[in-house]
Amino acid sequence: MPGTQTRTIQVGIVGTGYAATRRAEAIQADDRSQLITIAGHKPDQIAAFAQTHGVSAVESWQKLVERSDVDLVVICSANYEHEKIVRTALEYGKHVVVEYPLALGAIEAFELINLAKRQNKLLHVEHIELLSGIHQSIKAALPEVGIPFHVRSASLMSQQPAPEKWSYHREQFGFPLVGAVSRIHRLTDLFGKVATVSCQTRFWDSSKASGYFSSCLCIAHLRFTSGLLAEVIYGKGEAIWQTDRTLTIQGDRGALTIDGEQGKLTTAAGDRSLEVGSRRGLFAKDTAQVLDYLTIGTPIYVSLDSSFYALQVADAARRSAEIGETIEVE
């Protein structure tokens with residue numbers, strides 16, 4: 001299956017938001033692929049997207065995955081839809097690219113991975129945080145801090161007022177660290193296996209509509225098998241008054257600090273700024289690697305195993321928050 005696609009890859013996109021737009025641009029800019037159809041939920045957005053990119057629209061994602069001329073389905077919709085769209089697309093014999101998370105539970109994700117193997121089709125879960133200049137700079141500088149022993153990762157976003165959209169809906173977004181599993185994946189990619197997880201979370205329910213929340217806060221403590229201790233903080237909404245996007249790694253010979261798109265390495269020799277690059281163009285890089293895999297067999301930058309493991313850790317955090325106990329990660 002890797003590298004066996006010889007004709008132009010016909011692509012259908014589910015979704016009309018930011019990620020879908022970046023995907024459409026990348027697909028149309030590459031001679032190896034052709035965007036032929038899109039699907040979404042809101043008729044006005046679907047019509048505008050289809051006109052902008054010069055493609056046809058179908059009335060539902062079900063109709064899109066049924067089309068015999070679609071080789072690759074790219075899923076850029078709400079988190080809660082990912083599992084069922086991936087499952088259906090694989091059953092129809094399509095290659096699949098999906099934004100994280102693959103599913104809202106580890107068991108469901110495991111079933112999808114096995115289905116992709118049985119169908120002999122590509123299942124790629126996007127994790128563009130691993131392609132970012134920030135992540136690559138951290139990896140390059142990490143040996144200079146020596147043996148890491150403590151990490152604090154904060155992702156807090158103030159939104160006044162909180163929007164009434166799927167990312168602020170408990171069932172549609174999922175457990176905070178599952179819906180935002182990239183916060184876990186960055187750490188497991190850097191530091192390996194996790195031994196135990198303990199987690200607490202809090203929601204502030206929205207007064208506007210049932211099922212929605214105005215704020216959430218989730219704090220997880222991870223103990224890695226290496227002995228490293230990590231604190232992962234994720235929160236958003238009206239109760240968050242200060243936005244905080246920082247990552248601090250303490251080692252026995254130095255420390256790394258990332259604040260937004262600024263990086264600093266501190267050692268006995270003093271402070272040194274880190275070049276972290278731009279966040280732009282990451283969807284295009286991800287798309288190009290998918291097309292490389294399908295046409296010439298080049299491995300993609302992230303494996304299903306590593307993506308699934310991050311989701312397992314996030315799911316362990318969910319269970320810990322539910323029962324109030326520390327969970328061992330299998």
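Every residue in region 252-293 that is in contact (Cβ under 8 Å) with a residue 12 or more places away in the chain, open to solvent by less than 90 Å² (accessible area, probe 1.4 Å) and small (Gly, Ala, Ser), please. Gly254, Ala255, Gly260, Gly263, Gly277, Ser278, Ala284, Ala288, listed by residue number.
Looking across region 138-150 at every residue that is closer than 18 Å to Gln262 by Cβ and in contact with a helix residue (DSSP H, G or I) (Cβ under 9 Å, 6 or more places away or on another chain), the one that is least open to solvent (accessible area, probe 1.4 Å) is identified as Ile138. For beta carbons closer than 6 Å, sequence separation of 6+ or different chains, a first residue in region 59-77 that is at pLDDT 95 or above and a second that is crowded, with 17+ Cβ neighbours inside 10 Å and of a type in the set (D, E, K, R), the qualifying pairs are Val73/Lys94; Val74/Arg23; Cys76/Glu99. Can you find, within region 264-281, the residue that is farthest from Asp252 (Cα to Cα) among those that are assigned to a strand (DSSP E or B) and of a type outside the set (S, T, N, Q)? Here the answer is Leu274. Of all residues in region 85-92, none are in a loop (DSSP other than H, G, I, E, B), at pLDDT below 95 and either among the small types (Gly, Ala, Ser) or open to solvent by 60 Å² or more (accessible area, probe 1.4 Å) (or both). Looking only at residues that are surrounded by fewer than 18 Cβ atoms within 10 Å (Cβ to Cβ) and at pLDDT below 95 in region 32-44, which one is nearest to Val290 (Cα to Cα)? Here the answer is His41. The single residue among Ile249, Ile184 that is crowded, with 22+ Cβ neighbours inside 10 Å and not in a strand (DSSP E or B) turns out to be Ile184. Scanning region 226-267 for residues that are farther than 18 Å from Leu142 by Cα and among the hydroxyl-bearing types (Ser, Thr, Tyr) turns up Tyr234, Thr243.
The values are calculated or read from the model by the stated rules, or taken from the named source; none is laboratory data. Because the structure is a prediction, the values reported are computed rather than measured. We place every Cβ from the backbone using ideal geometry, glycine too, and count neighbours over all the protein chains shown. For accessibility, only protein heavy atoms count, side chains too; no ligands or nucleic acids. Shrake-Rupley method; radii C 1.70, N 1.55, O 1.52, S 1.80 Å.
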